[in-house]
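So the structure is just underneath, and the comments pick up after that.
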């Protein structure tokens, strides 16, 4: 694990438990983020949830970041994992009064302007660890097109089922693709 002067109390336990795995930790404005491989997600999350030294018993949020055209040199010597999408988990340990962000980077292999199911944008669901992840994972699926494998009810939560895209992707046009013009307007008298 690469740890640039980090002193988050959970990191030594993770480093000890997952020695030999690709882990990267970073800190920004006092918040620590642990970046892990997709293949290690469930094992690391189960450890963070169940280990007595960690006890991250509350999943505050699951969100996503689209790093399309993010400034920086992807060929630099920075050892942090690269990818276009970062799925971010905001974990809270009430017993220890700690917060930790866990991020998994995903890189699409297909064109992201539509709703194609890209196998590279699949990630395991953490609903089996934190049942409250069900709604936040659905929101990430709806807005970014990240599919959570083994999710109990993965369907759109904010937009209608046949919406033609994932609108929080950065390659989605700011003004949309005509959805407003095609949408049925219901006024007060016809409702």
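Just one of (1) surrounded by fewer than 17 Cβ atoms within 10 Å (Cβ to Cβ); (2) modelled with pLDDT of 95 or more fails for residue 72. It is (2). Within segment 26-65, the set of residues being under 25 Å from residue 122 (Cα atoms) and either at pLDDT below 95 or in a loop (DSSP other than H, G, I, E, B) (or both) comprises 26, 37, 56, 57. Hey, can you tell me all the residues within segment 89-129 that are assigned to a loop (DSSP other than H, G, I, E, B) and within 24 Å of residue 28 (Cβ to Cβ)? Across segment 89-129, the qualifying residues are 94, 96, 97, 107, 126. Please work out if residue 22 is under 18 Å from residue 107 (Cα atoms), touching a residue at least 40 places away in the same chain (Cβ under 8 Å) and loosely packed, with under 15 Cβ neighbours inside 10 Å. For residue 22, the condition - under 18 Å from residue 107 (Cα atoms), touching a residue at least 40 places away in the same chain (Cβ under 8 Å) and loosely packed, with under 15 Cβ neighbours inside 10 Å - is met. The set of residues in segment 112-132 that are crowded, with 20+ Cβ neighbours inside 10 Å, in contact with a strand residue (DSSP E or B) (Cβ under 7 Å, 6 or more places away or on another chain) and within 16 Å of residue 166 (Cα to Cα) contains only 121.
If you check residue 158 against the conditions, is it under 23 Å from residue 33 (Cβ atoms), in contact with a helix residue (DSSP H, G or I) (Cβ under 7 Å, 6 or more places away or on another chain) and surrounded by fewer than 19 Cβ atoms within 10 Å (Cβ to Cβ)? The answer is no for residue 158. Quick check: anything in segment 130-140 without any contact (Cβ under 8 Å) to a residue 40 or more places away in the chain and part of a loop (DSSP other than H, G, I, E, B)? Yes, there is a match, as at least one residue in segment 130-140 is without any contact (Cβ under 8 Å) to a residue 40 or more places away in the chain and part of a loop (DSSP other than H, G, I, E, B).
Listed by first and then second residue, the pairs linking a residue in segment 152-164 that is within 12 Å of residue 140 (Cα to Cα) to a residue that is modelled with pLDDT under 95 and surrounded by 12 or more Cβ atoms within 10 Å (Cβ to Cβ), with Cβ atoms under 7 Å apart and 6 or more places separating them unless they lie on different chains, are 156/163. Within this structure, residue 51 fails the test of being exposed (fewer than 15 other Cβ atoms within 10 Å of the Cβ), over 21 Å from residue 131 (Cα atoms), free of Cβ contacts under 8 Å to residues at least 40 places away in the same chain and out of contact with any strand residue (DSSP E or B) (no Cβ under 7 Å at 6 or more places or on another chain). Scanning segment 133-154 for residues that are crowded, with 18+ Cβ neighbours inside 10 Å, within 18 Å of the chain's Cα centre (by Cα), more than 19 Å from residue 41 (Cβ to Cβ) and at pLDDT 95 or above turns up at least one hit.
The values are calculated or read from the model by the stated rules, or taken from the named source; none is laboratory data. It should be emphasised that the depicted structure is a prediction, and the values quoted were computed from it without experimental measurement. No Cβ is skipped: glycine too gets one built from the backbone with ideal geometry, and neighbour counts run over all protein chains shown.
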